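Engineer: Take this structure first; my questions come after.
The values are calculated or read from the model by the stated rules, or taken from the named source; none is laboratory data. What you see is a predicted model, and the numbers here were worked out from it, not measured in a lab. Positions of Cβ are generated from backbone atoms using ideal geometry, with glycine treated the same way; all protein chains shown enter the neighbour counts. The area values use the complete protein model at the heavy-atom level, side chains included, leaving out ligands, DNA and RNA. Shrake-Rupley method; radii C 1.70, N 1.55, O 1.52, S 1.80 Å.
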Amino acid sequence: MTFEWQRWGYAIRTHVRVVSALVRREMRAHFGESRIGYLWALVEPSLHLAAYLVFFVMVFKRTAPLGTSTALFMMTGIIPFFLYSKVASYISGSIRSNRNLLTLPPVKPIDVVVARVVLESVTYLFVGFLMFLALYAGGIAEAIPYDPLAVMEASILAIFIGLGVGMINIVIQSYFHNWMTIFGMFSFPLWIFSGVWFLPEQVPQPFREYMLYNPILHVVLMFRTGFYWNYNSFYLDVPFVVGVSALLVATGLALMQVARRKVLELT
């Protein structure tokens with residue numbers, strides 16, 4: 001029994017060391033060697049999110065169905081969606097981008113996947129923190145969540161859904177090399193129907209019923225309940241989104257194990 005615990009402990013420590021080294025490598029590759037590169041890693045997504053806000057608030061004259069701030073309402077939809085989409089897309093290219101490292105015995109496909117999850121999640125969580133802090137500094141008191149636990153839970157679920165989808169994408173594109181182009185085409189309707197710009201209560205039937213099968217919509221609803229004390233959506237289904245996220249991660253892990261040889265052919 002003691003030997004088994006030692007073996008598992010050694011395996012976990014090795015995995016942590018490998019992932020830590022991969023995260024540092026991904027940071028250098030993604031952001032460059034200079035401090036400006038790391039700064040740009042935060043500025044670029046911040047500008048991206050700010051551009052969406054300006055476009056929909058100033059151009060489309062959107063008004064918030066919750067609270068008094070349109071910018072805050074939009075941001076509570078954009079951040080969780082981007083957490084999912086950026087993690088999913090970044091993971092999808094992890095095997096192809098680390099082809100040389102995967103020839104080393106200590107490095108496993110799951111290591112490069114975990115490294116990218118950690119890096120992209122931390123980056124966008126910190127960017128989201130800065131954006132909400134900027135809104136608070138601009139006079140929007142509601143930009144500080146009244147229920148941080150709900151915000152954290154929604155963020156974790158968004159990351160897990162992105163992880164599961166990303167791993168499934170890795171396997172699919174090992175068989176169909178143009179899969180990511182098709183996936184990108186499907187991602188745009190998902191962006192539209194994930195409740196980023198509206199509430200499900202505003203959508204008439206039967207379209208609302210179909211939209212509720214989208215787990216990202218429930219993640220956005222959960223995220224918003226952490227900021228709006230007077231909003232408790234009747235349509236939020238926590239067990240559904242937890243079950244879907246667990247199913248996607250389990251499916252992704254199983255597919256990567258079953259198709260391991262085919263996945264490694266990408267290298």
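Engineer: Quick check on my filter: what residues within region 174-198 are more than 21 Å from LEU125 (Cα to Cα) and open to solvent by less than 10 Å² (accessible area, probe 1.4 Å)?
Structural biologist: Within region 174-198, just SER174 meets the criteria.
Engineer: Test MET131 against the stated conditions and say whether it is out of contact with any strand residue (DSSP E or B) (no Cβ under 6 Å at 6 or more places or on another chain), part of a helix (DSSP H, G or I), over 21 Å from VAL249 (Cβ atoms) and open to solvent by less than 10 Å² (accessible area, probe 1.4 Å).
Structural biologist: No, not satisfied.
Engineer: When you check GLY226 against the structure, is it in contact with an Asp or Glu (Cβ under 6 Å, 6 or more places away or on another chain), modelled with pLDDT of 85 or more, open to solvent by less than 50 Å² (accessible area, probe 1.4 Å) and of a type outside the set (Ser, Thr, Tyr), yes or no?
Structural biologist: yes
Engineer: OK, next. For region 228-247, give me each residue that is under 23 Å from ARG208 (Cα atoms) and among the hydrophobic types (A, V, I, L, M, F, W, C).
Structural biologist: Residues satisfying the conditions are PHE234, LEU236, VAL238, PHE240, VAL241, VAL242, VAL244.
Engineer: Suppose the filter is polar (S, T, N, Q), in contact with a helix residue (DSSP H, G or I) (Cβ under 9 Å, 6 or more places away or on another chain), closer than 24 Å to ALA64 by Cα and in contact (Cβ under 8 Å) with a residue 60 or more places away in the chain; does SER174 pass it?
Structural biologist: Judged against the criteria, SER174 is not a match.
Engineer: Now a separate question. Only residues that are in a helix (DSSP H, G or I) and in contact with a His (Cβ under 7 Å, 6 or more places away or on another chain): list them for region 225-267, please. Write out each step before concluding.
Structural biologist: Filtering region 225-267 down to residues in a helix (DSSP H, G or I) leaves 225, 238-258, 260-264.
Across region 225-267, the qualifying residues are PHE240, VAL241.
Engineer: Take the residues in region 199-216 that are among the hydrophobic types (A, V, I, L, M, F, W, C) and in contact (Cβ under 8 Å) with a residue 60 or more places away in the chain; name whichever of them is surrounded by the fewest Cβ atoms within 10 Å (Cβ to Cβ).
Structural biologist: LEU199
Engineer: Looking at region 52-80, which of the residues that are of a type outside the set (Val, Ile, Thr) and farther than 24 Å from GLY226 by Cα is modelled with the highest pLDDT? Write out each step before concluding.
Structural biologist: Residues of region 52-80 of a type outside the set (Val, Ile, Thr): 52-53, 55-56, 58, 60-62, 64-67, 69, 71-75, 77, 80.
Next, only the ones that are farther than 24 Å from GLY226 by Cα stay: 55, 58, 60-61.
On the way: PHE55: 73, MET58: 67, PHE60: 64, LYS61: 64.
Ranking the candidates gives PHE55 first.
Engineer: What number goes with the only condition from (1) touching a residue at least 24 places away in the same chain (Cβ under 8 Å); (2) in contact with a helix residue (DSSP H, G or I) (Cβ under 6 Å, 6 or more places away or on another chain) that ILE110 does not pass?
Structural biologist: (2)
Engineer: For region 75-106, give me the residue count where each residue is closer than 16 Å to SER155 by Cα and either in contact with a Ser or Thr (Cβ under 8 Å, 6 or more places away or on another chain) or of a type outside the set (Gly, Ala, Ser) (or both).
Structural biologist: Count: 13.
Engineer: Can LEU163 be described as without any contact (Cβ under 8 Å) to a residue 40 or more places away in the chain and crowded, with 21+ Cβ neighbours inside 10 Å?
Structural biologist: It is false that LEU163 is without any contact (Cβ under 8 Å) to a residue 40 or more places away in the chain and crowded, with 21+ Cβ neighbours inside 10 Å.
Engineer: Separate question: Can you name the residue in region 90-109 that is in a helix (DSSP H, G or I) and open to solvent by 60 Å² or more (accessible area, probe 1.4 Å) and is also farthest from ALA51 (Cα to Cα) among such residues?
Structural biologist: THR103
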